[in-house]
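In what follows, a single structure is set out as structure tokens and then discussed.
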Amino acid sequence: MGFGWLAGAHASRRRTGVVLSVAIAMVLGLLSTQPTSADARSPDDDPFYAAPADLAAQPDGAVLGTRAIDVFGLPLPISAWQLRYRTTDSVDRPIVGVATVLAPTTSWDKGPRPLLSYQVPEDSLGTRCSPSFAFSGGRDPGVVNTLLDVPFMTAALLRGWGLVISDYEGPYSRFLDGPGAGRSVLDGVRAALSFAHGGVQATSPVGAWGYSGGAFATLWAAQMRATYAPQVRFAGISTGGVPADLPAIARRVDGGLQAGLALLIVMALTRNHPESGLSGMLNDRGRAFLAANATACGSDLVPQNVNAHVDDYTNDPNLLDSKVFRNVAAANELGVNAPDVPLYMYHSNSDDVIPVTGFSALVDRYCASGATVTAIHSPFPTHNGAAAGEALGGMNFLADRFAGRPVTPGCTIR
């Protein structure tokens, strides 16, 4: 579920108890066992993730290699593969992307099987937190965010859809790199359609889904589709818990139970933008923290840094309100342009991690730019409460789009 998985799960336990109990049981069960194959090696030590010598000569979305996997290292009744593909990062370097493709073993007799591009909230600074590592049987606490999304991915598979789950942060784990995430998602879709296994075909209808950090990557892909990958056509997109207004998110959690998220945001933007001057604003403690947590996941930093303050790691006070920080965040904010695909967006009115004001402002920008949006201001309390409580509406929206049912143009906000 991404941002706020720890405190949000506690606060909304009445509504999310079943979902979280299943996911936590899987976490504990998987972490208590040992890897049984080479597929469980860390991505940094796994040759499958290595770039081929001719990477730069390949087109974006080209499939560079494949391997079949057992999901989570278990004999589950799911067809599963991992694809290595060419993509281009936000500073125009050719890089290797990795995506996991899942398909039900049941038949689909309504034409090409729909493909759902599902963005797990990686929320990380290291590849050990990537979805592909979790799916291939990785045994590390960093796989928790992928495991927490299992119930929602299962719901999509039970509807008969294929899934493509990209490691959209890339080989350098660039958290909150908007353009890089969007490109990787789009190229993962291109690769999955080209791979065309499990009933997915080049002509399959395509949708996209993401919650929290996953919504960030999903909407960046939607915004970039027309210029970066015009051949990728989305029938519809569902997102929730949208990380809009990054400085407001950091200020909301700074000094509280989720303070590790504020540190994660600052450290990610500092590392992603070395030219910005943010690194010069860190004090010795801040630089040491960044070095010590170079491969940390949000699931590491949140429980380890309860009640921490960003300013304890900086030379000057109020870094989160500084012009430097705001400018770096602005380069990765959603809303510069509107997606040209029907959107279903939801957000808790009492989100305890991501202020709802940022969501409302983003919806207003999309609507003013002519987007077709159904926006839900959810009564379900907390960040994770809305994740569970509004998921059915998001899935049903996608099902209607896959079935070809028309959507009324314009904006519906409720």
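The values are calculated or read from the model by the stated rules, or taken from the named source; none is laboratory data. Everything quoted here is computed from the prediction, not taken from an experiment. Because the Cβ atoms are built from the backbone with ideal geometry, glycine has one as well, and the counts that use them run over all protein chains shown. The area values use the complete protein model at the heavy-atom level, side chains included, leaving out ligands, DNA and RNA. Shrake-Rupley method; radii C 1.70, N 1.55, O 1.52, S 1.80 Å.
Take every Cα pair under 8 Å in segment 149-189 that's 6+ residues apart, average their separations, divide by the length, and report that relative contact order as a whole percent.
33 percent
Let a ≥ b ≥ c be the square roots of the eigenvalues of the Cα gyration tensor of segment 38-159; is it rounded (a/c under 1.5), or, if not, prolate (a/b larger than b/c) or oblate?
It is oblate, given that a/c is not under 1.5 and a/b is not larger than b/c.
What whole-number distance in Å separates the alpha-carbon centres of segment 100-177 and segment 382-399?
Answer, in whole Å: 17.
Which net charge results when you count Lys and Arg as +1 and Asp and Glu as -1 among the other residues whose beta-carbon is under 13 Å from that of Pro247?
Once positives and negatives cancel, what remains is 0.
For segment 310-391, rounded, prolate or oblate, judged on the Cα gyration tensor with a ≥ b ≥ c (square roots of eigenvalues), a/c < 1.5 rounded, else prolate if a/b > b/c?
The shape class here is oblate.
Suppose only helical runs count, i.e. DSSP H with n ≥ 4. What mean residue ellipticity at 222 nm does that imply for the chain under -39500 (n - 2.57) per run, divided by all residues and rounded to the nearest 500 deg cm²/dmol?
-11500 deg cm²/dmol
Between rounded, prolate and oblate, where does segment 168-235 land on the alpha carbon gyration tensor, with a ≥ b ≥ c its root eigenvalues, rounded for a/c under 1.5, else prolate if a/b exceeds b/c?
Since a/c reaches 1.5 and a/b is larger than b/c, the shape of segment 168-235 is classed as prolate.
Leu158 versus Ala57, label points 7 Å from Cα toward the beta carbon: distance in nm?
With each label placed 7 Å out from Cα toward Cβ, I get 4.8 nm.
How much area per residue is accessible in the chain when the probe is 1.4 Å and only protein heavy atoms are counted (Å²)?
Each residue of the chain exposes 37 Å² on average to a 1.4 Å probe.
Hey, rough spin-label estimate for Asn349 and Glu275, points 7 angstrom out along Cα→Cβ, what's it come to in nanometres?
Placing both labels 7 Å beyond Cα along the Cβ direction yields 4.4 nm.
Packing-wise, with mean Cβ within 10 Å as the measure, how do 384-392, 201-209, 364-372, 123-131 rank, highest first?
Ranking the peptides 384-392, 201-209, 364-372, 123-131 by packing returns 123-131, 384-392, 201-209, 364-372.
Taking 0.36 nm per residue of sequence separation and subtracting the Cα-Cα distance, how much length would be gained by fully extending the chain between Val306 and Asp364, in nm to one decimal?
Stretched out fully, the Val306 to Asp364 stretch lengthens by 17.5 nm.
Which whole-number percent gives the relative contact order of segment 84-208, counting Cα pairs below 8 Å spaced six or more residues apart?
39 percent
Expressed as a whole percentage, what fraction of the accessible surface of segment 329-414 belongs to carbon and sulfur atoms when a 1.4 Å probe is rolled over the protein heavy atoms?
The computed percentage sits at 57.
At what distance in angstrom do the alpha carbon centres of segment 283-335 and segment 178-237 lie from each other?
30 Å
In whole percent, how big is the carbon plus sulfur part of the accessible area of segment 265-308, probe 1.4 Å, protein atoms only?
Of the solvent-accessible surface of segment 265-308, carbon and sulfur hold 54 percent.
Please check which bits of segment 330-346 a label hung off Asp400 would reach, taking the label as a point 7 Å along Cα-to-C-beta and the cut-off as backbone N under 11 Å.
Within reach of a label on Asp400: 343-344.
At a 10 angstrom cut-off on C-beta neighbours, averaged per residue, how do the peptides 293-300, 354-361, 264-271 rank from highest to lowest?
Peptide ranking by packing, descending: 264-271, 293-300, 354-361.
Would you calculate the separation in nanometres between label points at Arg326 and Ile413, each defined as 7 Å from the Cα along the Cα-to-beta-carbon direction?
Spacing of the two 7 Å Cα→Cβ label points: 2.3 nm.
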